[in-house]
Amino acid sequence: MDSWIMEMTEELLWVEDIPAAQASLRRLAKAADVDFFAYGNSRPGLDSPYWDATYPAAWMTHYFANRYQYVDPVVQEARRSHLPFAWRFLLNRPQALTPEQRLLFAEAAEYGIRDGFTIPFHAEGGCIAAMSFAFGSRAEMEHFAAMQSRLKLLALYYHTAIERLLEVAEADTRLSALERQCLSFLAGGRSLWEISGLLHRPENDVTASLRSARDKLGAATTAQAVDRAIAQGLIAP
């Protein structure tokens, strides 16, 4: 295994938070001489889609202001396809594009985005995420043809990390501060009576909080809830 892939495996898969994942992705993409990428995740349960991109800021503002995300043929193809695909597959069929879609591609080219490829990620309910790598020309895209297997692996590792971190963030918002405190004290070996005294709460409140935390974490027992909270980084071991 070469050093770039080893770094990616050791660093990106096990980052501790989303900003660290974003920083790692940018460093690894820069090491591969890739300037433009975009990742979107809209899996069920998110309050709003997760988005991360290095496309020109002016283009992203223009893209969302024109609501291009709803007509973008790359987005539409990612929803249909389970396999990575090159954008030229779409560009070579201009008759299949609407005038608005042709305008989208023409305007993207003005911002230096003229070709690329996309890796979709599907779950049981359909496409939940996609990573695109973009290039300034077809020649540049062809230059990176030998790198596609590495970039696909980079996309997979980033997607895996983000999925894990989004689950942690979602669970973290579900657990109240009192529930996390009760689980933390329980993990430290405290009894219900001791936790009640430490928190200045009736023992019934502690019991109810632990029951609620157990339900939210989908745990069968309180011990399992503690284990899951530790595994998800919600409380310290």
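The values are calculated or read from the model by the stated rules, or taken from the named source; none is laboratory data. Everything numeric in this text was worked out from a predicted model, so none of it was measured. In this analysis, Cβ positions are derived from the backbone assuming ideal geometry, glycine residues included, and neighbour counts consider all displayed protein chains. These accessible areas exclude ligands, DNA and RNA; they are computed on the full protein's heavy atoms, side chains included. Shrake-Rupley method; radii C 1.70, N 1.55, O 1.52, S 1.80 Å.
Please go through (1) in a helix (DSSP H, G or I); (2) open to solvent by 50 Å² or more (accessible area, probe 1.4 Å) for Arg190 and return the number of the only condition it doesn't satisfy.
The failed condition is (1).
Name the residues in the stretch 109-129 that are touching a residue at least 24 places away in the same chain (Cβ under 8 Å) and open to solvent by 30 Å² or more (accessible area, probe 1.4 Å), would you?
Tyr111, Arg114, His122, Ala123, Gly125, Cys127, listed by residue number.
What number of residues within the stretch 214-237 satisfy the criterion of being closer than 14 Å to Gln181 by Cβ and surrounded by 19 or more Cβ atoms within 10 Å (Cβ to Cβ)?
Counting residues in the stretch 214-237 that are closer than 14 Å to Gln181 by Cβ and surrounded by 19 or more Cβ atoms within 10 Å (Cβ to Cβ) gives 5.
Using the structure shown, decide if Ile195 is crowded, with 17+ Cβ neighbours inside 10 Å, in contact with a Phe, Trp or Tyr (Cβ under 7 Å, 6 or more places away or on another chain), in contact (Cβ under 8 Å) with a residue 24 or more places away in the chain and assigned to a helix (DSSP H, G or I). If you could, list the steps in order and put the result at the bottom.
On the way: crowded, with 17+ Cβ neighbours inside 10 Å: yes; in contact with a Phe, Trp or Tyr (Cβ under 7 Å, 6 or more places away or on another chain): yes; in contact (Cβ under 8 Å) with a residue 24 or more places away in the chain: no; assigned to a helix (DSSP H, G or I): yes.
Criteria not met by Ile195.
Go through the stretch 130-152 and give me each residue that's modelled with pLDDT of 85 or more, open to solvent by less than 50 Å² (accessible area, probe 1.4 Å) and part of a helix (DSSP H, G or I).
Within the stretch 130-152, Met141, Gln148, Leu151 meet the criteria.
Being more than 17 Å from Glu167 (Cβ to Cβ) and either among the charged types (D, E, K, R) or in a loop (DSSP other than H, G, I, E, B) (or both) is the filter; apply it to the stretch 221-237 and report the residue that is farthest from the chain's Cα centre (by Cα).
Thr221
What residue, of Pro44, Pro19, is within 17 Å of Ala161 (Cβ to Cβ) and either open to solvent by 50 Å² or more (accessible area, probe 1.4 Å) or in contact (Cβ under 8 Å) with a residue 60 or more places away in the chain (or both)? Reasoning before the result, please.
Details: Pro44 fails: within 17 Å of Ala161 (Cβ to Cβ).
Unique residue meeting the criteria: Pro19.
Can you name every residue in the stretch 160-176 that is open to solvent by 20 Å² or more (accessible area, probe 1.4 Å) and modelled with pLDDT of 80 or more? Let's see the steps before the verdict.
Within the stretch 160-176, the first condition is being open to solvent by 20 Å² or more (accessible area, probe 1.4 Å), and the residues that meet it are 160, 163-164, 167-170, 172-174, 176.
Of everything in the stretch 160-176, those that are open to solvent by 20 Å² or more (accessible area, probe 1.4 Å) and modelled with pLDDT of 80 or more turn out to be Thr160, Glu163, Arg164, Ser176.
Got a number for residues in the stretch 202-213 being buried (at least 17 other Cβ atoms within 10 Å of the Cβ) and either farther than 22 Å from Arg164 by Cβ or out of contact with any Leu (no Cβ under 9 Å at 6 or more places or on another chain) (or both)?
Here the count works out to 4.
Quick check on the stretch 68-101: of everything there that is touching a Ser or Thr at 6+ places or on another chain (Cβ under 9 Å), of a type in the set (A, V, I, L, M, F, W, C) and in a loop (DSSP other than H, G, I, E, B), which residue is surrounded by the most Cβ atoms within 10 Å (Cβ to Cβ)?
Only one residue tops the list, namely Trp87.
Say whether the condition of being in a helix (DSSP H, G or I) and under 24 Å from the mean Cα position of the chain (by Cα) is met by at least one residue in the stretch 200-220.
For the stretch 200-220, residues in a helix (DSSP H, G or I) and under 24 Å from the mean Cα position of the chain (by Cα): present.
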